[in-house]
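The values are calculated or read from the model by the stated rules, or taken from the named source; none is laboratory data. What you see is a predicted model; the values in this text were computed from it and never measured. Quick reminder, even Gly has a Cβ in these numbers, built from the backbone with ideal geometry, and neighbours come from all protein chains shown.
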Amino acid sequence: MHVFFMMLALGSACLAALQWTATSVRQWILTAWPVGKLACAVFSTHPGGVPTTVPGYVHSVAAMLAFASLFAWQILYVI
């Protein structure tokens, strides 16, 4: 799973770099997706039934950032 998240972040970062023309909201939203996915790969989540640790919180916040940026990009620029 960690390798998949790293490869997804790398591929998304390459696509974001290809579309990087100027500093706009679109570019920052598109860049937040690979950053969030990379953070999800680096910081593991906690197993069920165990109190949440700091890496678990970082993983959760990074996942929320990544998916929120993906949805925002789709709403603002695809539709």
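Step by step: first the residues of the stretch 21-42, then only those that are small (G, A, S) and modelled with pLDDT of 80 or more, then the one that is nearest to the chain's Cα centre (by Cα). Which residue is that?
Out of the qualifying residues, it is G36.
Give G49, G36 a once-over and let me know the one that is at positive phi and not basic (K, R).
On inspection, the qualifying residue turns out to be G49.
Take the residues of the stretch 65-79 that are part of a helix (DSSP H, G or I) and among the β-branched types (V, I, T): which is modelled with the highest pLDDT?
The qualifying residue modelled with the highest pLDDT is I75.
When the residues of the stretch 35-64 are filtered to those that are in a helix (DSSP H, G or I) and among the β-branched types (V, I, T), which remaining residue is surrounded by the fewest Cβ atoms within 10 Å (Cβ to Cβ)? Quick ask: steps written out before the conclusion?
Residues of the stretch 35-64 that are in a helix (DSSP H, G or I), as a first pass: 35-42, 54-64.
Now drop any that are not among the β-branched types (V, I, T), which leaves 35, 42, 54, 58, 61.
Details: V35: 17, V42: 15, V54: 9, V58: 16, V61: 14.
The residue in question is V54.
Kindly provide the set of residues from the stretch 8-20 that are over 15 Å from L70 (Cα atoms), more than 12 Å from the chain's Cα centre (by Cα) and not in a loop (DSSP other than H, G, I, E, B), ordered by number.
Across the stretch 8-20, the qualifying residues are C14, A17, L18.
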